[in-house]
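The numbers here are math on the coordinates, done by the rules we state, and not lab data. Bear in mind that the values here come from a model prediction, so they are computed numbers and not experimental data. FYI the Cβ positions are ideal-geometry reconstructions off the backbone, even for glycines, and counts take in every protein chain you see.
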Amino acid sequence: MGVFNYEQIRQYAVRTEVLALITLVEYGNLEQKHNALKQLTKIAYPEDISFDDEQEFFTEELIRNKP
């Protein structure tokens, strides 16, 4: 297995995870939406944001008032 195959498999795994998280944001309960948005933000900005488990990053209004 070469480096190219490894990168393809890794990209496919991240794509699958993102699709699952988007589904949770759309159809999950409030806690699932919060955790999914937090994880999506970590994937989108891996170096810019550091999360603490205690930190409340998204509020209920942000989740309820999606466009």
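Of note:
- Extension gain for THR23 to PHE4 (0.36 nm times residue separation, less C-alpha to C-alpha distance): 4.0 nm.
- Electrostatic dipole magnitude of region 1-51 [Cβ: Lys, Arg +1; Asp, Glu -1; Cα centre; debye, to 20]: 60 debye
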